[in-house]
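Undergrad: A single structure is presented below for examination.
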Amino acid sequence: MPRSVAINIAANTNEPGFRGPVYPDGSFEFVPIPEPEPVLSVDEAPDSQGVPTYDDLELSFAIPEDLAATPVHSDPEFAGVHGATATTYGDPYGVKAGPIAELGPGDSLYFYATLSLRPANWRGPVADRDEAGTQTADTDLTTGSADADIAPGWGTYLIGEQRVAEVIEPADRAAVPEQFDSNAHMQRESFDARVLVRGSQPESGLFDRVLSLSTLESGSDANEIVTELSSDSGKGPWWRRPMRFDETATADLRSRLEWTTTGSVQ
């Protein structure tokens, strides 16, 4: 029976300074963090594509002008999302790489993100500043009621899955199969991935709608998926930690996720 691990990804209030949006119907947009490390030139990169910038992303809202040319850490990558043609994930940090390395084919690597509730016609983070240029609080930006299980202001949500096809722990860049050439860690001057995951198709992708890990009352309070199904206590900053799900919990989680898709992931 499959097991799973869920880890935190995507834009946040530290980098690049705003969270991605979740809309009242439970749909959302995946916004990567900026790429923090020096990267290879296009000629040196293994896939010869180069690192995308925020301006290259397929977003429905406007990115601040000072971010447009900033390279993004496009990891995880999902085939068909933001121009990606592969489905991979890499991680250099032991606290996440360890649990991920224990996964095998057929297991699930889930991704969760902190997202801010926004109206369906949200114009982007530039619209979230008042006339003085001060960032407006999340609670001031939510209008109307949410149709899905969305926390007020911000919350934590499962947004995608990579159904594991392959997990490797490479010793160096030369040991990585070409199927991972487009992964963000392969684009860095200094290769640093402790673990790399390749997702299978069509089981992998972003969900159509989020599955909340927060309560309806507060984004910082964990719901029963965290406290009863995962390995995490739900105390403290639980939304930053990796979560393990055993075989029984994974089966429960997969059944809960059926409603987030229209028969398959995006």
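Each reported figure results from applying straightforward, stated rules to the coordinates on display, with no laboratory input. No experiment lies behind these values; they were computed from the predicted model shown. Glycine also receives a Cβ, built like all others from the backbone with ideal geometry; neighbour counts cover every protein chain displayed.
Undergrad: Between a first residue in region 32-50 that is under 20 Å from ALA86 (Cα atoms) and in contact (Cβ under 8 Å) with a residue 40 or more places away in the chain and a second residue that is acidic (Asp, Glu) and outside any loop (DSSP other than H, G, I, E, B), which pairs have beta carbons less than 9 Å apart while being 6 or more apart in sequence or on different chains?
TA: PRO46/GLU178; ASP47/GLU178
Undergrad: Could you tell me whether region 254-266 includes any residue that is in contact with an Asp or Glu (Cβ under 9 Å, 6 or more places away or on another chain), under 20 Å from THR87 (Cα atoms), part of a helix (DSSP H, G or I) and among the β-branched types (Val, Ile, Thr)?
TA: yes
Undergrad: Right, another one. Keeping to region 187-212, report how many residues are loosely packed, with under 15 Cβ neighbours inside 10 Å and charged (D, E, K, R).
TA: 2
Undergrad: Moving on. With the requirement that a residue be touching an Asp or Glu at 6+ places or on another chain (Cβ under 9 Å) and in a loop (DSSP other than H, G, I, E, B), what does region 198-212 give you?
TA: Matches in region 198-212: SER200, GLU203, SER204.
Undergrad: How many residues does region 1-23 contain that are among the charged types (D, E, K, R) and in contact (Cβ under 8 Å) with a residue 60 or more places away in the chain?
TA: Selection size over region 1-23: 2.
Undergrad: Within region 51-76, count every residue that is free of Cβ contacts under 8 Å to residues at least 12 places away in the same chain and in a loop (DSSP other than H, G, I, E, B).
TA: Within region 51-76, residues that are free of Cβ contacts under 8 Å to residues at least 12 places away in the same chain and in a loop (DSSP other than H, G, I, E, B) number 0.
Undergrad: Could you look through region 213-250, keep only residues that are in a helix (DSSP H, G or I) and hydroxyl-bearing (Ser, Thr, Tyr), and pick out the one that is surrounded by the fewest Cβ atoms within 10 Å (Cβ to Cβ)?
TA: THR248
Undergrad: Could you list, in sequence order, the residues of region 94-108 that are in contact with a helix residue (DSSP H, G or I) (Cβ under 9 Å, 6 or more places away or on another chain) and assigned to a loop (DSSP other than H, G, I, E, B)?
TA: ASP107
Undergrad: Among the residues of region 216-226, are any within 25 Å of TYR93 (Cα to Cα) and among the charged types (D, E, K, R)?
TA: No - not one qualifying residue is present in region 216-226.
Undergrad: Could you list all residues from region 166-197 that are touching a residue at least 12 places away in the same chain (Cβ under 8 Å), farther than 16 Å from PRO71 by Cβ, in a loop (DSSP other than H, G, I, E, B) and touching a strand residue (DSSP E or B) at 6+ places or on another chain (Cβ under 8 Å)?
TA: GLU169, PRO170, VAL176, ALA193, ARG194
Undergrad: Go through region 20-43 residue by residue and tally those that are within 11 Å of the chain's Cα centre (by Cα) and in a loop (DSSP other than H, G, I, E, B).
TA: Adding up the residues that qualify gives 4.
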